[in-house]
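Colleague: Just dropping this structure here.
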Amino acid sequence: MVELSIIIPAYNEEKVILNTINEVNITMQKLMKNIKYEIIVVDDGSTDKTFLEASKAGSDIVKIFRKENGGKGSALKFGFSKSKGRLVTFLDADLDLHPKQLPLFLNYMKRYDADIVIGSKRHPLSKINYPYYRKFLSVLYEFIVRILFNLHIKDTQAGFKLFKRRALEVVLPRILCKKFAFDLELLVVAHSKGFKIVEAPIELNWQRIENRIRSKDIFRIAVDTAAIFYRLKILKYYNGD
């Protein structure tokens, strides 16, 4: 039986995806050799050779899927539908957050009896190498989140998260956001359903030269965040069983 599913969404990651898969494999075999795991890579409609490069991994542990572009959230939901693990982790393809941190997340889940463990850039033990403009946007967004949702989480957006399967089975069918606000909606719904969320320290090493978040993306995040608030507070959309 698979104990851990590692889901990696990928969009135009031909330069790094094979190395990422190999790093995850090496890390698991070195640090968690007694855990049966699977790696699920979801190519979210890439326009480059991401799928071809990922397919070179050549391991029964690695499962590669390709779907039409629908955003990171859509890719993660798709990946979960193909997974079998009792535990599920979401990991970004760029390795800004290295999988060597996974044992700590597992330790936090056990120690605090948590349903969800999320990486937090603002945990006092975190080590962050991150552009200042991204720090500013992150702090501003989490301030807005706290005001709107009374969600006592300091960082909703880090791409490294660990879940008990039951939490995702309950939460994911209710998620409507497919792109940047996916992480927020995921945690808002999980909180509303009573799942215990714990933040863990991370080591983040910023890898990208280009900035993938543009001004129109910031506007879309704002719109999606307002939509989540409307569904939660006005429509009571998330209240159903």
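Coordinate-derived values only; no laboratory data. Note that the structure is a prediction, hence the values are computed from the model and not measured. Cβ atoms come from the backbone with ideal geometry, glycine included; neighbour counts cover every protein chain shown.
Colleague: Which ³J(HN,Hα) values, rounded to whole Hz and listed in residue order, are derived for segment 64-78 from phi using the Karplus coefficients 6.51, -1.76 and 1.60 in 6.51 cos²θ - 1.76 cosθ + 1.60 with θ = phi - 60°, glycine and proline given as x?
Modeller: Rounded to whole hertz, the list is 10, 10, 10, 9, 5, 4, x, x, 4, x, 4, 5, 5, 4, 4.
Colleague: Could I ask something else about it? Please compare each pair in 135/178; 30/135; 164/236; 154/233; 84/179 to a cut-off of 29 Å on the Cα-Cα distance and tell me which ones are over it.
Modeller: Among 135/178; 30/135; 164/236; 154/233; 84/179, the Cα-Cα distance tops 29 Å for 30/135.
Colleague: Nearest 10 degrees, 0 to 90: what angle lies between the long axis of helix 102-111 and the longest principal axis of the chain (Cα atoms)?
Modeller: The angle comes out at about 50 degrees.
Colleague: Calculate the FRET efficiency for residue 152 and residue 56 from the Cβ-Cβ distance with a Förster distance of 30 Å, rounded to the nearest 0.05.
Modeller: 0.10
Colleague: Nothing charged except the Cβ atoms of Lys and Arg (+1) and of Asp and Glu (-1): what's the magnitude of the dipole of the chain about its Cα centre? Round to the nearest 20 debye.
Modeller: My answer is approximately 500 debye.
Colleague: Taking the Cβ-Cβ separation of residue 135 and residue 112 as r and a Förster radius of 30 Å, what is the calculated FRET efficiency to the nearest 0.05?
Modeller: Here the calculated transfer efficiency is 0.65.
Colleague: Using just the helices of the chain, give the 222 nm mean residue ellipticity in deg cm²/dmol: DSSP H runs with n ≥ 4 each add -39,500 (n - 2.57), and the total is spread over all residues, rounded to 500.
Modeller: -11500 deg cm²/dmol
Colleague: How big is D, in µm² s⁻¹, for the chain by Stokes-Einstein at 4 °C and 1.567 mPa s if Rh is the Kirkwood radius over C-alpha pairs?
Modeller: Roughly 71 µm²/s, to the nearest whole number.
Colleague: Provide the gained length on full extension for the span residue 15 to residue 82, in nm with one decimal, where the gain is 0.36 nm per separating residue minus the Cα-Cα distance.
Modeller: Difference between extended and current length: 21.6 nm.
Colleague: Between 221, 40, 118, which gets the highest mean-square fluctuation from a Gaussian network model of the chain, Cα cutoff 10 Å?
Modeller: Answer for the Gaussian network model of the chain: 221.
Colleague: Okay, next question. Where the only charges are on Cβ atoms (+1 Lys, Arg; -1 Asp, Glu), what is the dipole of segment 142-208 about its Cα centre, to the nearest 20 debye?
Modeller: My answer is approximately 280 debye.
Colleague: Lys/Arg Cβ at +1, Asp/Glu Cβ at -1, dipole of segment 4-239 taken about the Cα centre: which of 202, 88, 25 is farthest positive-ward?
Modeller: Of 202, 88, 25, it is 88.
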